[in-house]
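What follows is a short report on a single structure.
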């Protein structure tokens with residue numbers, strides 16, 4: 001299957017610190033989506049990026065899509081305990097039916 | 001509005017027993033349907049996807065099978081469960097390639 005690598009696997013931060021997770025693909029992606037999974041829950045859609053170099057913001061969250069459309073990042077400014085969970089990137093590449101998820105980054109925020 | 005139902009929420013099954021997990025979608029037609037498995041603390045592994053009735057694509061050869069007997073019904077099955085089949089099984093749907101995936105609540109399967 002398509003390889004979408006995501007790092008780091010785990011991240012422990014103090015509340016108020018920033019957090020970043022990265023996704024990398026060996027092939028060009030048609031788009032990339034980001035999801036958040038709270039502990040014990042199911043993944044919930046956050047955002048989709050389509051254009052090369054695209055940057056989108058949602059309050060304290062900033063999403064970027066690389067110029068070559070092979071990598072993406074999610075940055076959270078001043079983390080809060082409500083940010084705890086696992087963040088996944090996902091993409092179908094140019095096969096519009098398959099839909100793969102990265103390995104996820106588990107974020108723990110200490111109050 | 002669209003909803004997705006997945007059941008049961010939890011399941012404990014002995015090794016060698018059969019499995020049937022069901023997922024139904026309401027409020028949309030001809031969705032793409034997906035089964036994922038998530039091992040404890042791990043990522044989401046795509047198991048099967050379907051673009052239409054009776055059309056199943058398998059991503060990983062294993063002890064599981066999937067069927068889509070109706071447009072909005074997706075079933076995950078096994079004839080004989082293995083210990084390694086334990087995990088969190090998630091059903092999801094999308095209505096076209098560039099829209100978000102909506103997930104069911106998941107089934108936590110423990111094979112003992």
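Computed from the coordinates by the stated procedures, all read-outs in this text should not be read as laboratory data. These numbers were taken from a predicted model, which means no experiment stands behind them. Every residue, glycine as well, gets a Cβ built from its backbone with ideal geometry; the counts of neighbours run over all protein chains shown.
Side notes on the structure shown:
- Average beta carbon contacts from partner chains per residue of A:97-106, 10 Å cutoff: 6
- Whole-number percent relative contact order across chain A, with pairs defined as alpha carbons under 8 Å at least 6 apart: 37
- Along each principal axis, Cα extent of chain A, largest first, Å: 42, 28, 20
- Taking A:35, A:100, A:87 as the candidate residues, the one with maximal mean-square fluctuation in a Gaussian network model of chain A, Cα springs under 10 Å, is A:100.
- The spread of Cα positions in the protein assembly as shown, taken along each principal axis and listed from longest to shortest, comes to 48, 36, 35 Å.
- Here residue A:62 and residue B:15 are evaluated by their C-beta separation; at R0 = 41 Å the FRET efficiency comes out at 0.30.
- Considering only A:57, A:70, A:36, the mean-square fluctuation computed in a Gaussian network model of chain A, springs between alpha carbons under 10 angstrom, is largest for A:57.
- Note on residue B:84 and residue B:56: the model spin-label points, each 7 Å out from Cα along the C-beta direction, lie 2.0 nm apart.
- For the options B:62, B:45, B:13, a Gaussian network treatment of chain B with springs between C-alpha atoms closer than 10 Å singles out B:62 as fluctuating the most.
- Per residue, the convex hull spanned by the Cα atoms of the stretch B:3-111 amounts to 93 cubic angstrom.
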